[in-house]
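The values are calculated or read from the model by the stated rules, or taken from the named source; none is laboratory data. None of these values were measured; they are calculated from a predicted model. All Cβ positions, glycine included, derive from the backbone under ideal geometry; neighbour counts span all protein chains shown. Side chains are part of the model used for accessible areas, which takes the heavy atoms of the whole protein and leaves out ligands, DNA and RNA. Shrake-Rupley method; radii C 1.70, N 1.55, O 1.52, S 1.80 Å.
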Amino acid sequence: MIVTIHLIIAIITGLLVLYSDEQALMWILGKKEMMDSRRVHFLHTAVSIGLALLLITGGLLYHASAAAYLSVTPFITKMVVIFALILNTYAIERLSAVALTRSFASLSHKERIPLFISGAVSFGGWATAIICGLLIAG
């Protein structure tokens, strides 16, 4: 039952992340001059809640067989990646404020770098967490 709940939360959170990334891409491409603050706040909060629920359900799964998980490399990798995703939520909170007040085109190269790093951490982290989760379950 917990596995099913964990997967459902992962799918919903993943879809929210994809939608968030699509919105950011529209801003980067100039299709949106600035991001809507209510939408950004909602998506950031929803993804953060999803990540928290994944931690809770994942913790329950871990608790059921802790010793077995600690000897599985994909599990350890997934935990490191999830820690990076949690840290990245704080970066996204701070960095998203730029998209509320300025267009992407108005940003200097130096101002764009943290945005791209955060995006790469997000994309790479979620992709790695999914792959590791599939390897653990497989």
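Quick look at the values:
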| read-out | value |
| --- | --- |
| Spin-label pair Arg94/Arg112, simplified geometry with 7 Å Cα→Cβ offset, distance in nm | 2.2 nm |
| Accessible area per residue, Å², the range 1-58 with all protein chains present, probe 1.4 Å | 64 Å² |
| Equivalent ellipsoid, the range 20-65 (semi-axes from 5 times Cα gyration tensor eigenvalues, Å) | 33, 11, 4 |
| Cβ-derived FRET efficiency at R0 35 Å, Lys32 paired with Leu87, nearest 0.05 | 0.85 |
| Kyte-Doolittle mean at least 1.6 and Cα axial length at least 27 Å: DSSP H helices in the chain | 2-28 |
| Accessible area in square angstrom per residue, the range 82-138, 1.4 angstrom probe | 62 Å² |
| Sulfur and carbon atoms: percent of accessible area, the chain [1.4 Å] | 74 percent |
| Net length gained if the chain between Leu55 and Val80 were fully extended (0.36 nm per residue, minus Cα distance) | 7.7 nm |
| Relative pair counts by distance (%), Cα atoms of the range 16-138, 5 Å bins | 2, 10, 19, 22, 15, 11, 9, 6, 4, 2, 0 |
